[in-house]
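Each reported figure results from applying straightforward, stated rules to the coordinates on display, with no laboratory input. Quick caveat, the model's predicted, so the values are computed rather than measured. Cβ placement follows ideal geometry from the backbone for every residue including glycine, while neighbour counts extend to all protein chains displayed.
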Amino acid sequence: MSNRLLSLLTEIEHAVIAAEAAPAGGRWNTQRLINFNQGLARLTLAVYSVAELVETRGAILLQSFTLADGSLCLKANLSWAGSENTSAYAIYAKPEINWRNEANQIALKWIEGKPALTEVAPSAENFPVDSALAATA
């Protein structure tokens with residue numbers, strides 16, 4: 001069970017990086033946390049911008065557990081920074097399953113599910129106080 005958890009997490013990480021090699025001109029910063037005893041793993045995805053600022057993009061949480069029939073199940077919970085939306089993806093271990101394809105599917109779902117960045121309309125709150133005073137004079 002623990003080998004499958006770590007290998008799937010690594011495959012997902014590689015698939016995300018391969019699908020979007022230079023996000024916004026920057027580079028990926030990933031962090032992995034794994035608790036083999038609990039069957040949990042988390043991949044946190046962030047981007048270093050060209051100016052070396054870190055922007056968190058989201059996370060993928062994996063849960064590994066045994067079903068009542070004794071078969072393995074891995075559940076991926078996808079989340080994105082700045083959004084309350086989440087998505088779940090379950091993988092049931094079968095002899096014919098291709099784990100690399102499943103990792104690619106999870107990575108693509110995460111990339112496609114990223115919330116679109118919306119541009120904020122200019123308002124008085126976005127301008128410095130000096131420019132607001134100069135505009136009224």
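Spelling out what I want: for every residue of segment 35-49, take phi, set θ = phi - 60°, compute 6.51 cos²θ - 1.76 cosθ + 1.60 (Karplus), and round to whole Hz; glycine and proline get x.
Residue by residue, segment 35-49 yields 10, 5, 5, 8, x, 10, 8, 9, 10, 9, 10, 9, 10, 8, 6 Hz.
So what are the ³J(HN,Hα) numbers for segment 25-30, from phi and the Karplus equation (6.51, -1.76, 1.60; θ = phi - 60°), rounded to whole Hz, Gly and Pro as x?
Computed from phi, the couplings for segment 25-30 are x, x, 9, 6, 10, 10 Hz.
Amide H neighbours of Gly58 under 5 Å, counting only residues 5+ apart in sequence or on other chains, H built in-plane at 1.01 Å?
Amide H to amide H, under 5 Å and 5 or more residues apart or across chains, Gly58 pairs with Leu45, Ala81.
Contour minus end-to-end for Tyr89 and Cys73, with contour as 0.36 nm per residue of separation and end-to-end as the Cα-Cα distance?
4.7 nm is the gain from fully extending Tyr89 to Cys73.
Less than 20 Å from a label point 7 Å out along the Cα-to-Cβ axis of Arg100: which backbone N atoms in segment 10-33 qualify, by residue?
Output list for this probe position: 10-21.
Pick out, in residue order, every one of the GluC sites (Glu not before Pro) in segment 21-103 that is DSSP loop and has at most 11 other C-beta atoms within 10 Å; say none if there are none.
Of the GluC sites (Glu not before Pro), the ones in loops of segment 21-103 whose Cβ has at most 11 other Cβ atoms within 10 Å are Glu52, Glu84, Glu96.
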